[in-house]
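See below for the structure under consideration.
The values are calculated or read from the model by the stated rules, or taken from the named source; none is laboratory data. All values derive from a computational prediction rather than experimental measurement. Note that we place each Cβ from the backbone using ideal geometry, even for glycine, and neighbour counts take in every protein chain shown. For the accessible areas, the whole protein counts, side chains as well, though only heavy atoms, and no ligand, DNA or RNA atoms are used. Shrake-Rupley method; radii C 1.70, N 1.55, O 1.52, S 1.80 Å.
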Amino acid sequence: MPSPPVPSAYRFPDEPGAIELRAFTHGLQPKRVPEMMEHFTEDWRRFGVDAWNSVPNHWRPQSGDPVGWWTLPTYLGDHFVAPLLGASSGTCILQPSVHWTVQCLLSTPEVAARGSEVLVSGTAFPSVLHSAKQWVHLRTLRPRVIPSTEDHQVDQAAFLEAIGSETALVALSHVGFTTGTRLSSSFLKEVAQRVHDCGGLFLLDGYHAAATMPVDVQALGCDLYVGGLLKEASGSSGTAFVYLREDLELTPRLTGWFGDAAPFEFRSSPEPHPDVRRRFLGGTTAVAPMYHAVEGLRILLDLGLETVREHSLALTDRAIEHADSMDLPLRSPRSAETRSAMLLLEVPEAERLTAYLKEHYIYTDSRRNEVVRMSPFVWNDADEIDRVFEQIDQALSTGEYRTVPVNTSGPVT
Ligand SMILES: Cc1ncc(COP(=O)(O)O)c(C=O)c1O
């Protein structure tokens, strides 16, 4: 087993021996977060409004780089998000959410000028799928939803077939959030090639992929890559990001004065900022999330994403071995090529089993009462996986979990 786990870098819930397997929804809190939030309150107190122009560099203190609240979205984009995606400096910026970014993108005349269709898979997350459907009323764009296969996968042949001269934009999820399936790089490259041959743009939603494995946006050939640091990168909310291919010209109509070329001249007409990334900012940026945003990512980048991926595969391998020995069907892929960090197990009364495991301080979640989801991550080790499956075995063989009240802690993504 490769070098993680790194539990000492994280803060755990209070229950002794708790096993947190929900990296796919909200990672453990990095130890440096309270200190970073303290920096936020102190900078606010000490510098007041001047903090917009200059604060001490808490993010890369050794660098000597000047930073201020204005420049943090691009500064963190350059020094933390770009290395996550194999992207160059100048191409990434923090965003409030994926939903916002996709809506900005759809508001650009440059997308509509490329064709009339936005191609999305029926398996896409609502931030993408709903946005494509909502914009149909405002633009000359038509959403074209490619239905998923019976087993909820992207219909790859139908997708490739659908790309044509009418295609303005193709949007795909790098990892399917309901299946844990990672789309292969060869398929994604084929999509990129076809979209570009037809004059369209290619957007990849990288939630559940970025921060769990090495990603190379340039090799994949996508024009935009969105994602967030909320989950595996332990960033809490308000920490989404976008990568925009170099030289991509986009002028979102859904933009704000923070995306203007001269915000403090308060001109009567807007003028897009020369840095295209900046045009994806809206009104006043929420500053507090940027203080803790990259602390989880820092841990993963320090470990190396290859190592993170190897560890994840080793733990999901072990979990699959246990599941096989208990005859529990997998709903997520078996092969390492298409597996993500997320494992889905089909179990009867999945919600009750999740509630039962929670009573034993093992944190997973369930979907539609059909599957239990788990993402063993860098803070977990092989012994924990063994303990989890011992507990599942105990629950299933005795049936004792069937009497546990289902007290869902609310929906998780
Ligand atoms: C695939 C995918 N895309 C996007 C999101 C979240 O998007 P947003 O930042 O709009 O909340 C999620 C979150 O659960 C997701 O799983």
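Within the stretch 134-151, being polar (S, T, N, Q) and more than 15 Å from the ligand (Cβ to nearest atom) holds for Thr140, Thr149. Only helices (runs of 4 or more DSSP H) whose full extent lies in the stretch 41-143 are considered here, and the ones with at least 2 residues that are within 25 Å of the chain's Cα centre (by Cα) are 72-76, 82-85, 98-106, 126-135. Residue check: Gly48 meets all listed conditions (1) touching a residue at least 12 places away in the same chain (Cβ under 8 Å); (2) within 18 Å of Thr285 (Cβ to Cβ) but one, namely (1).
Annotation note: of Ser186, Ser165, Ser236, the sole residue that is of a type in the set (Ser, Thr, Tyr), within 16 Å of the ligand (Cβ to nearest atom) and either part of a loop (DSSP other than H, G, I, E, B) or surrounded by fewer than 24 Cβ atoms within 10 Å (Cβ to Cβ) (or both) is Ser236. The residues listed here are Ser116, Ser131; of these, the one that is free of Cβ contacts under 8 Å to residues at least 60 places away in the same chain, within 16 Å of the ligand (Cβ to nearest atom) and open to solvent by less than 30 Å² (accessible area, probe 1.4 Å) is Ser131. Of the conditions (1) over 18 Å from Ala23 (Cβ atoms); (2) more than 20 Å from the chain's Cα centre (by Cα), Glu337 fails just one. Which one is it? All conditions pass for Glu337, except number (2). So for the stretch 15-25 (the condition being among the charged types (D, E, K, R) and part of a helix (DSSP H, G or I)), does at least one residue qualify? No: zero hits. For the residues Val226, Val175, Val154, the requirement of being under 23 Å from Ser131 (Cβ atoms), in contact (Cβ under 8 Å) with a residue 24 or more places away in the chain, within 16 Å of the ligand (Cβ to nearest atom) and open to solvent by 10 Å² or more (accessible area, probe 1.4 Å) singles out Val154. Considering the stretch 85-99, the residues that are under 24 Å from Pro126 (Cα atoms) and open to solvent by less than 30 Å² (accessible area, probe 1.4 Å) include one that is nearest to the ligand (Cβ to nearest atom), namely Val98.
Taken as a whole, the stretch 191-198 holds no residue that is assigned by TED's automatic domain parsing to the domain that holds His99, out of contact with any helix residue (DSSP H, G or I) (no Cβ under 7 Å at 6 or more places or on another chain), within 16 Å of the ligand (Cβ to nearest atom) and farther than 29 Å from Asn380 by Cβ.
Keeping to the stretch 6-45, report how many residues are of a type in the set (D, E, K, R) and in contact (Cβ under 8 Å) with a residue 12 or more places away in the chain.
So the answer is 7.
Could you list, in sequence order, the residues of the stretch 347-396 that are outside any helix (DSSP H, G or I) and charged (D, E, K, R)? Selection gives Glu349, Asp365, Arg367, Arg368, Glu370, Arg373, Asp381. For the stretch 189-201, the set of residues classified as open to solvent by less than 20 Å² (accessible area, probe 1.4 Å) and assigned to a helix (DSSP H, G or I) consists of Val191, Ala192, Val195, listed by residue number.
Here is a yes/no grid of residues against (1) modelled with pLDDT of 95 or more; (2) small (Gly, Ala, Ser); (3) more than 16 Å from the ligand (Cβ to nearest atom):
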| position | (1), (2), (3) |
| --- | --- |
| His311 | yes, no, yes |
| Thr316 | yes, no, yes |
| Leu343 | yes, no, no |
| Ile362 | yes, no, yes |
| Ser366 | no, yes, no |
| Pro376 | yes, no, yes |
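Does Leu204 count as assigned by TED's automatic domain parsing to the domain that holds Val111, buried (at least 21 other Cβ atoms within 10 Å of the Cβ) and within 12 Å of the ligand (Cβ to nearest atom)? In short, yes. Can you find even one residue in the stretch 68-75 that is within 16 Å of the ligand (Cβ to nearest atom) and within 30 Å of Val128 (Cβ to Cβ)? Within the stretch 68-75 (the criterion being within 16 Å of the ligand (Cβ to nearest atom) and within 30 Å of Val128 (Cβ to Cβ)), the answer is yes, since at least one residue qualifies.
Within the stretch 135-151, the set of residues being farther than 21 Å from Leu183 by Cα and loosely packed, with under 15 Cβ neighbours inside 10 Å comprises Val136, His137, Leu138, Thr140. Taken over the stretch 177-219, the criterion of being among the acidic types (Asp, Glu) and under 20 Å from Gly304 (Cα atoms) is satisfied by Asp216 alone.
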